[in-house]
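Worksheet: one structure, shown below.
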Amino acid sequence: MDFYQAVVGDYLRADRSVFINTECCIQLNAANNPDDSGVHWYCDAVAVDLRKHEVFLCEISFAKQLGALKKRLKEWAANWDHLSRSLERDCSVREMLPARPWLFVPTASIPTIVNTLKEISRTPGAPNWRVRITPLEKVQPWLYHSWEHQDCNTDKSDVPVEYRA
């Protein structure tokens, strides 16, 4: 786990309606050992927001070009139905709690990831997901109340409206 994963984890936990599982293994095929099961990913955090009745697959990156994150999103999009079923099977996420990506990236990288998301959405069979983006700089602990933040200083002008909440 890198430094920013811990910072984002603290940020998510500061909303008392959010529960997280860090480094959550998402494997498409059921098996005791993910290394033997085929396609799988370790998601930086799976966050269950009981207030919003949603599950977020949180990915954190501070890389300038976001290469690994873009690759992950394309793989998720290509396998979204199987990924959703694996969340139900392995994490007991029910259909009534829809899952969607929540990306934490540097403000300067938001246009890059938005372009990738638009490219993914134009792919035949792409999932109809609502991706959420939070600027990585906005999760610094001095910007929110540690006991109940509920996005008090995030998802503002740096993020296009369709990727805010």
(request) Look at Ala45 and say whether it is within 16 Å of the chain's Cα centre (by Cα) and part of a strand (DSSP E or B). (result) yes
(message) Considering only residues that are small (Gly, Ala, Ser) and at pLDDT 90 or above, which ones fall in the range 1-40?
(response) Ala6, Gly9, Ala14, Ser17
(request) Test Asp15 against the stated conditions and say whether it is part of a loop (DSSP other than H, G, I, E, B), of a type in the set (Asp, Glu) and surrounded by 13 or more Cβ atoms within 10 Å (Cβ to Cβ). (result) yes
(request) Residues being surrounded by fewer than 18 Cβ atoms within 10 Å (Cβ to Cβ) and either within 18 Å of Leu57 (Cα to Cα) or of a type in the set (Phe, Trp, Tyr) (or both): count how many of those fall in the range 100-113. (result) 1
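The values are calculated or read from the model by the stated rules, or taken from the named source; none is laboratory data. These numbers come from a predicted model, not from an experiment. Note that each Cβ is placed from the backbone with ideal geometry, even for glycine, and that neighbours are counted across all protein chains shown.
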